Amino acid sequence: MIIFEGIFALKFMMKRCLFILIGLLFITDIFSQGSQAVVLISGRVVNERNMQPVEARIVWELLPEGKEVGIARSDPSNGNYKIILPHGKKYGYMALAEGYYSVTKFLDLTNLEQYTEIDEQNLFLAPVMESQVARLNNVFFKDGSDELLPESICELDRFVSFLKINKKVSVEIAAHTDNVGDDNKNMELSQRRAQKVVDYCISKGIKKERLVAKGYGETQPVAFNGDEDGRAMNRRIEFKVLSIK
């Protein structure tokens, strides 16, 4: 019993030392930047339902290109993380962990002129559950078409990452329209758009058996269609968790 406890304690200390080392590397990186302005971002990754820490990968990317430029990890004991980003760019960063839906934050550093620290940038992860519905906020199509616009790729790639981490999850991709135009044409358009998202996921290595495309047309609005703001909210792509097995 004493031997097992000793091994456990040793593993815990090794993991804590690793995170201390990562922190020292962050500090070294700050000084290696010289006079270049950087921002030190810190916060916690937590389960949004019980606020408990979550061990996760923190990935950040350049916007609008969506190019991945770095990866860090949160401390499993308290959820803390730190990342350092140079000035002059726009970034998106998110937490990824099995069993959770990832969230994304955005940061505009184009006007940064001096070293800055930004704390309490907490990332809240939602546990994945059957029948859960979530919106893919930045998926856009050409008007009246199922042609994906280039600015959709970053969001779709993040969704693909979620599916690759959560290999047991099967989802329905649901497309919705506003009430402008013919009802039947809107239904057909939404089905094609949902299928286009499914096809993109398959092209990135997701098994087609895990994906179902469903178009709902204008039948499930989330806002009034009386003005453009409401119609824009109703034109959306969502995913629904069908099963976790």
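Values in this text are rule-based calculations from the coordinates and carry no lab data. This structure is a prediction, so every number in the text was calculated from the model and none was measured. Using ideal geometry, Cβ is built from the backbone for each residue, glycine included, and neighbour counts are taken over all protein chains shown.
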Practice problem: Give the relative contact order (percent, whole number) for the range 178-238; include only Cα pairs under 8 Å separated by 6+ residues. | Solution: 42 percent
Self-check item: Members of Lys105/Lys208; Lys208/Lys240; Lys89/Lys207; Lys207/Lys240; Lys89/Lys196; Lys168/Lys196 lying beyond 25 Å, as alpha-carbon distances in this model show
Solution: Lys105/Lys208; Lys89/Lys207; Lys89/Lys196
Quiz item: For the range 142-147, what does the Karplus curve 6.51 cos²θ - 1.76 cosθ + 1.60, with θ = phi - 60°, yield as ³J(HN,Hα) per residue in whole Hz, taken in order and with x for Gly and Pro?
Solution: 4, 3, x, 9, 9, 7
Quiz item: What relative contact order, as a whole-number percentage, does the chain give when Cα pairs under 8 Å and 6 or more residues apart are counted?
Solution: 17 percent
Practice problem: Could you size up the charge dipole of the range 133-244 around its Cα centre, putting +1 on the beta carbon of Lys and Arg and -1 on that of Asp and Glu, and report it in debye to the nearest 20? | Solution: 860 debye
Quiz item: In degrees between 0 and 90, to the nearest 10, how far off the longest principal axis of the chain does helix 2-32 point, with axes built from Cα atoms?
Solution: 80 degrees
Practice problem: Give the label of the value calculated from the structure for Cα Rg over 2.2 N^0.38 Å, choosing from [x] 1.19; [y] 0.95; [z] 1.52. | Solution: [x]
Quiz prompt | Where N is the number of residues in the range 139-217, Cα Rg divided by 2.2 N^0.38 Å | solution = 1.11
Quiz item: Can you run phi through the Karplus equation (6.51, -1.76, 1.60; θ = phi - 60°) for the range 113-125 and list ³J(HN,Hα) in whole Hz, with x for Gly and Pro?
Solution: 10, 8, 4, 9, 10, 10, 10, 6, 8, 6, 10, 9, 9
Quiz item: For the range 68-74, in order, what is each residue's ³J(HN,Hα) by Karplus, 6.51 cos²θ - 1.76 cosθ + 1.60 with θ = phi - 60°, in whole Hz (x at glycine and Pro)?
Solution: 6, 10, x, 9, 9, 10, 7
Practice problem: Return the long-range amide H neighbours of Leu63 (sequence gap of 5 or more, or a different chain), with a cut-off of under 5 Å between placed amide H atoms. | Solution: Lys90, Tyr91, Gly92
Self-check item: Over the chain: helical MRE at 222 nm, DSSP H runs n ≥ 4 each giving -39500 (n - 2.57), nearest 500
Solution: -10000 deg cm²/dmol
Quiz prompt | the chain, dipole about Cα centre (Lys/Arg Cβ +1, Asp/Glu Cβ -1), debye to the nearest 20 | solution = 1060 debye
Practice problem: Find the centroid of the Cα atoms in the range 69-103 and in the range 180-215, then give the distance between the two in whole Å. | Solution: 30 Å
Quiz item: For Tyr81, Tyr101, what ranking results if the residue with the fewest other Cβ atoms within 10 Å of its Cβ goes first?
Solution: Tyr101, Tyr81
